Structures are given as structure tokens and as C-alpha cells.
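Note sheet for the following structure.
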Amino acid sequence: MAGDSSFDIVSKVERQEVDNALNQAAKEVATRFDFKDTGASIKWSGDVIAMEASGEERVKAIWDVFQSKLVRRGIDLKALKPSDPKLSGKTWHMSATMQQGIPQEGAKKISKLIRDTGPKSVRALIEGDQLRITSKSRDDLQKVQQLVREADLDFAVQFVNYR
């Protein structure tokens, strides 16, 4: 049998999918009756998604519409971090930022989880904003994937480069 098998744990969001969800949400906000005459909008503002409306409930409703579009496109909601609605002049504003890459403390948490409760033959190596998991047994790698899926993490994870 050849050497070790491995896979990477990453936290990446495809911007094009988020853009498609945002465009769908913007169309719905523009055409829905309950958003009429509220100044409701959702759009990109640099790398941040900006939402605004005339009331706090309306801006939260825009966020709900956007979340439903993200879920339909298979994007984990943990990949976006929303801010609290804020009043600025006469309009309420809310923003959401995309989280790319696993934060250092999150990578350490996953690595510790694998060391403590995962199979003993598995090694986790932090490489920048991702983790490389290696083992001689592919079954052990699948157990680690299941373990990470079941863990309560505050960011989205994907498994890539399975070899």
C-alpha cells in the first residue's frame, strides 16, 4: 500500500454563489409588497454585504430573505457574520461579512479535538488558514470528518483534497 492518505479542512465560501444569492434576494426585496416604500435594499459594499431599510424589522426581514437564498445555494450560514441593526439618520443599516479561512484559535480547537477524541493514528497539521489531516487508514480519516461535522464550531468547514 502507498503512503499516508490525507485531506484538508478549510473554511471557504465561493463568492460567486454568495453574489448569486444576493442578486436573488435583491430581486425579491424589490418586488415584495411588504418591502414597498421602505427603502429596502441589499447590495455589495466592497467585501461587505450592506442592507438598509426604514425600520429595524424590515432590515432583519431582508437578512432573513438573504439567508433563505444562501441555504438554497448550499452555503453554510456560519460563513457569514452579521452585525446588529443600527439606526443611522432615518434608515436602519445592517451588514454581513464573509469569513474566509479557519481562524487560528479555531484550527487549534479542531486539532485538540482530533488529538483527544479521534483515532490515535491521525495527525493534524495547521497550515496557515487550513488543517491537513493525515493517516495510514482512510477509515480513520472518515471518522475524523464525522467528528468535525458533529463538533459545535462557530465557522463553516469543508473537506477538500481527499487523497
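What pairs in 78/112; 86/108; 60/112; 27/109; 27/81; 43/108 have C-alpha atoms more than 28 Å from each other?
On the way: 78/112 21 Å; 86/108 34 Å; 60/112 37 Å; 27/109 40 Å; 27/81 22 Å; 43/108 34 Å.
In this structure, 86/108; 60/112; 27/109; 43/108 lie more than 28 Å apart at Cα.
Can you give the FRET efficiency for residue 158 and residue 125, using 1/(1 + (r/R0)^6), R0 = 25 Å, r = Cβ-Cβ distance, to the nearest 0.05?
Numbers: r = 17 Å, r/R0 = 0.70.
About 0.90, to the nearest 0.05.
Calculate, for residue 77 and residue 112, the FRET efficiency according to 1/(1 + (r/R0)^6) with r their C-beta to C-beta distance and R0 25 Å; round to the nearest 0.05.
Details: r = 25 Å, r/R0 = 1.00.
Working from the Cβ atoms, E equals 0.50.
Based on Cβ point charges of +1 for Lys and Arg and -1 for Asp and Glu, what charge dipole magnitude is obtained for the chain about its Cα centre, in debye rounded to the nearest 20? Display every interim value, and only then the final one.
On the way: 27 positive and 24 negative charges, 67 e Å.
Charge dipole, the chain, about its Cα centre: 320 debye, nearest 20.
Filter the chain for me: DSSP H helices, axial length by Cα at least 30 angstrom, mean Kyte-Doolittle hydropathy not below 0.5. List them by residue number.
Working: long enough: none.
In the chain, no H run is both long and hydrophobic enough.
Amide H to amide H under 5 Å from residue 156: which residues, 5+ apart in sequence or cross-chain, H placed 1.01 Å off N in plane?
Answer set, sorted by chain and number: 79.
Calculate the dipole size of segment 19-103 relative to its Cα centre from +1 charges on Lys and Arg beta carbons and -1 charges on Asp and Glu beta carbons; express the result in debye to the nearest 20.
Values: 13 positive and 11 negative charges, 26 e Å.
The calculated dipole for segment 19-103 is roughly 120 debye.
Provide, as a two-decimal number, the C-alpha radius of gyration of segment 15-98 over 2.2 N^0.38 Å, N being how many residues it has. Don't skip to the answer; put the middle values down first.
Details: Rg = 11.8 Å, N = 84, 2.2 N^0.38 = 11.8 Å.
Computed over Cα atoms of segment 15-98, the ratio equals 1.00.
Quick note: the coordinates plus some simple rules give every number you see, no bench work behind them. These numbers come from a predicted model, not from an experiment. For neighbour counting, all protein chains shown are included, and Cβ atoms are generated from backbone atoms with ideal geometry for every residue, glycine included.
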